[in-house]
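What follows is one structure encoded as structure tokens, with my remarks underneath.
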Amino acid sequence: MQQKKRLHKKRQHTQLWLLPLLVWVLYACEGSDARQQQHAQQQVEVLPVERKPYVRASSLIDAMEDSSSYWVDSVFSTLTPDERIAQLIIIEAFSDQGATYEADVMYLVKKYKIGGMIFFQGGPVRQAILTNRYQAASKVPLWLAMDAETGVGMRLDSTMYYPSQQMMGAIADNGLIYQMGLEVAAEFKRLGMHINFAPVADINNNPNNPIIGYRSFGEDRLDVTAKSLAYMRGMQAGGIIAVAKHFPGHGDTDVDSHHDLPIIPFGKQRLDSLELYPFKQLIAYGVGGIMVAHMHIPQLDSTRNLPSTLSEPIVTGLLRKQLGYRGLIFTDAMVMKGVTKYFSPGEAEARALMAGNDVLERLNSVPKAIRAVKAAIARGDLTQAEIDRRCKRILAAKQWLGLDKYKPIPLENLVDNLNAPGADTTNMAMAEAAITLLNNRKNLLPLRQRRFPKIATVSIGAKRVTAFQRQVRQQGINTTDFYISRKANAKETKKLWQKLRKYDVVLVAMYGPSIRPSINMGYSKDATKLVQQLAASDKAAITLFDNAYAINQFPGIEKSRALLLAYQPHFHAQAAAAQLVFGKIAARGTLPVTVNKYYKYGDGISKDKSFIAGP
């Protein structure tokens with residue numbers, strides 16, 4: 001009995017000892033299972049995500065409608081709501097304003113994470129250096145734009161300056177314009193830029209238009225359309241975004257929207273048949289962007305003093321829905337009086353997004369704009385979802401442009417690359433094709449020195465002998481060269497006139513105040529009188545290196561023995577004019593606009609025509 005009690009006690013002791021061991025074993029087994037499950041989960045989580053490789057779409061519009069981009073989604077997920085608004089903003093930038101200005105731009109890049117910038121005046125190397133700095137500091141790669149209707153030379157020194165669109169309007173061969181578009185695109189890419197606010201698709205049928213004028217291809221809707229398409233397709237074939245402007249058409253106004261709000265009184269039928277025609281064709285052929293103008297168009301939106309930029313019926317109703325446009329919609333510069341006259345900074349930008357624009361360009365105040373857009377979202381006038389959708393479209397555009405693999409701009413040989421021999425050849429071919437011969441009485445041209453031994457040249461609006469005069473001498477012609485200011489007084493002009501009367505022929509070159517065509521050439525009363533005397537002398541061959549409409553600033557110029565229109569004073573135009581005068585090239589250009597009763601759209605003497613244009 002005593003022995004049984006001892007055995008029972010021993011078994012109890014053994015069980016008590018085994019119980020913790022059993023609990024530990026069970027726990028260990030359970031823990032092992034849990035750890036195996038956790039490890040398995042971790043293995044699943046670290047497996048590489050199968051990503052669809054990015055295939056660049058054939059067009060920007062197709063790229064923006066593809067929602068499968070891993071890069072777009074990953075970048076978007078890192079952005080705060082404020083930063084998504086900022087991606088819709090393009091600020092201005094100059095490369096010639098100094099360190100303080102550059103620091104202000106850098107602040108906007110770092111603080112607000114803006115989407116991009118539009119470059120204005122400066123130099124190519126300075127701009128490239130700044131671009132590299134701004135891109136290095138930016139959370140998301142910046143897309144860079146320029147108003148470069150005539151190429152980067154319109155803004156930057158030491159670069160190629162192409163013809164104005166009016167000069168291109170005189171050219172019959174639109175293939176030259178396509179080639180220019182390719183050259184401009186190559187220059188943009190070399191400078192790390194992505195968007196050109198060109199072509200100007202406005203039909204300029206108002207000679208008093210103070211803002212479009214020579215920036216338009218002309219007054220005929222079919223010519224404007226064909227040349228806009230050629231320029232657009234060349235640029236986009238070269239891999240940049242072309243932005244047609246100024247929707248719905250800024251050609252028939254006598255008010256500059258930089259300084260006031262133009263009012264366009266025309267009805268839908270007129271707009272649809274004329275002003276909108278080029279835009280409809282550009283949309284059909286896939287233009288990447290369209291810029292909306294600051295104009296009040298009561299027939300489309302009767303809201304008092306409302307610019308078209310801020311009009312939902314125009315931006316969303318007409319452009320997006322009625323015309324079916326799927327590309328990017330840009331505002332014109334939000335610093336212009338056409339919008340700021342009636343709408344304060346911030347309010348204007350919020351209204352522009354409410355109207356349906358995708359991108360806000362050149363703002364007065366980035367912080368005010370972001371605050372106003374957030375307030376519009378809080379009120380329900382905008383939704384964050386709509387901001388997000390536009391932000392993703394912009395990121396998709398950036399990827400299509402190659403910004404997902406951004407590389408700094410190499411500075412070596414930059415200026416040489418921007419002045420390529422091929423581009424110079426294209427520029428010369430365009431100048432030769434554009435020169436327009438309006439008068440040639442008694443077949444003065446081509447000029448032969450054996451017929452007229454004593455030939456003088458005179459440049460009006462010059463401080464020294466000009467390229468035209470040097471090019472005349474290169475034709476092997478002996479000339480006496482003169483020059484005189486646009487502001488010359490009676491004493492100066494009388495003295496020159498007395499000298500010029502002794503010559504058989506006087507080759508007159510007329511220049512405006514700058515390399516760009518001018519609205520007003522600014523000639524003094526006496527300088528204008530000198531032009532009139534030369535025109536009436538029956539010995540003058542006059543070449544106007546300026547805007548076609550400037551002919552009207554010189555009453556009586558139609559009496560000149562020969563009259564040529566070269567449209568602007570860049571070197572290629574001056575060289576082409578000298579060659580035409582001496583018969584080295586044919587006259588092929590035709591007037592893209594009606595100037596007056598003497599010179600109308602389509603006029604121009606060519607080798608294929610026997611008639612004499614003009615009086």
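The values are calculated or read from the model by the stated rules, or taken from the named source; none is laboratory data. Worth saying up front: this structure is predicted, and the values here are computed from it rather than measured. Don't worry about glycine lacking a Cβ; one is built from the backbone with ideal geometry, like all the others, and counts go over all protein chains shown.
Every condition in (1) surrounded by fewer than 24 Cβ atoms within 10 Å (Cβ to Cβ); (2) assigned to a helix (DSSP H, G or I) is met by V315 except one, and the failing one is (1). Taking V292, is it buried (at least 24 other Cβ atoms within 10 Å of the Cβ), in the same structural domain as L108 (by TED's automatic domain parsing) and within 22 Å of S59 (Cα to Cα)? Taking the combined requirement at face value, the residue satisfies it.
Out of S32, S68, S95, S77, one residue alone is assigned by TED's automatic domain parsing to the domain that holds L328 and at pLDDT below 95. It is S68. Scanning the stretch 87-137 for residues that are surrounded by fewer than 14 Cβ atoms within 10 Å (Cβ to Cβ) and at positive phi turns up just one, G98. Scanning the stretch 287-300 for residues that are more than 18 Å from D260 (Cβ to Cβ) and not β-branched (V, I, T) turns up G288, G289, M291, Q299, L300.
In contact (Cβ under 8 Å) with a residue 12 or more places away in the chain, of a type in the set (G, A, S) and out of contact with any Lys or Arg (no Cβ under 7 Å at 6 or more places or on another chain): which single residue out of G522, G556 fits that description?
Within the list G522, G556, the selection yields G556.
Entry remark, the stretch 48-107: residues being among the basic types (K, R), farther than 19 Å from S365 by Cβ and within 25 Å of the chain's Cα centre (by Cα) number 1 in total. If you check E349 against the conditions, is it touching a helix residue (DSSP H, G or I) at 6+ places or on another chain (Cβ under 8 Å), of a type outside the set (V, I, T), closer than 19 Å to V109 by Cα and surrounded by 23 or more Cβ atoms within 10 Å (Cβ to Cβ)? Judged against the criteria, E349 is a match. If you go through the stretch 419-471 and keep only what is in the same structural domain as N489 (by TED's automatic domain parsing), in a helix (DSSP H, G or I) and of a type in the set (S, T, Y), you end up with nothing. The condition (being in contact with a Gly (Cβ under 6 Å, 6 or more places away or on another chain), closer than 30 Å to R371 by Cα and assigned by TED's automatic domain parsing to the domain that holds K398) is satisfied by just one residue among T331, T316: T316. Just to be sure, is V508 under 17 Å from L564 (Cβ atoms) and part of a helix (DSSP H, G or I)? Here the answer is no, as V508 does not meet what is asked. Contact annotation: residue pairs with Cβ atoms under 6 Å, 6 or more positions apart or on different chains, pairing a residue in the stretch 335-347 that is over 18 Å from H246 (Cβ atoms) with a partner that is in a helix (DSSP H, G or I), are P345/K368; G346/K368; G346/A369; G346/A372; E347/A372.
Figure legend. Inter-residue proximity from the stretch 418-440: first residues buried (at least 18 other Cβ atoms within 10 Å of the Cβ), second residues of a type in the set (K, R) and in a helix (DSSP H, G or I), beta-carbon distance below 9 Å, spacing 6+ or different chains. Indicated pairs: L418/R190; N439/K559.
In the stretch 469-503, the qualifying residues are those that are of a type in the set (G, A, S) and over 20 Å from A573 (Cα atoms), and the one that is nearest to the chain's Cα centre (by Cα) is S485. Looking across the stretch 187-214 at every residue that is at pLDDT 95 or above and among the small types (G, A, S), the one that is surrounded by the fewest Cβ atoms within 10 Å (Cβ to Cβ) is identified as G192. Does A244 satisfy being assigned by TED's automatic domain parsing to the domain that holds H296 and crowded, with 24+ Cβ neighbours inside 10 Å? Yes, satisfied.
When I477 is tested against (1) surrounded by 15 or more Cβ atoms within 10 Å (Cβ to Cβ); (2) at pLDDT below 95; (3) under 26 Å from V593 (Cβ atoms), exactly one condition is not met: (3).
Within the stretch 407-417, which residues are in contact (Cβ under 8 Å) with a residue 12 or more places away in the chain and over 22 Å from the mean Cα position of the chain (by Cα)? Hits for the stretch 407-417 are P408, L411.
For the residues T543, T528, T466, the requirement of being within 37 Å of the chain's Cα centre (by Cα), within 16 Å of L445 (Cβ to Cβ) and of a type in the set (S, T, Y) singles out T543.
Taken over the stretch 201-257, residues that are under 16 Å from the mean Cα position of the chain (by Cα) and among the charged types (D, E, K, R) amount to 5. Scanning the stretch 386-406 for residues that are free of Cβ contacts under 8 Å to residues at least 12 places away in the same chain and buried (at least 21 other Cβ atoms within 10 Å of the Cβ) yields no hits at all.
Taking (1) touching a Leu at 6+ places or on another chain (Cβ under 9 Å); (2) crowded, with 23+ Cβ neighbours inside 10 Å; (3) modelled with pLDDT under 95 in turn, A577 satisfies each apart from (3). Close contacts from the stretch 48-67, counting a first residue that is farther than 17 Å from I283 by Cβ and part of a loop (DSSP other than H, G, I, E, B) and a second that is modelled with pLDDT of 95 or more and among the basic types (K, R), with Cβ to Cβ under 9 Å and a gap of 6+ residues or different chains, come to S67/K392.
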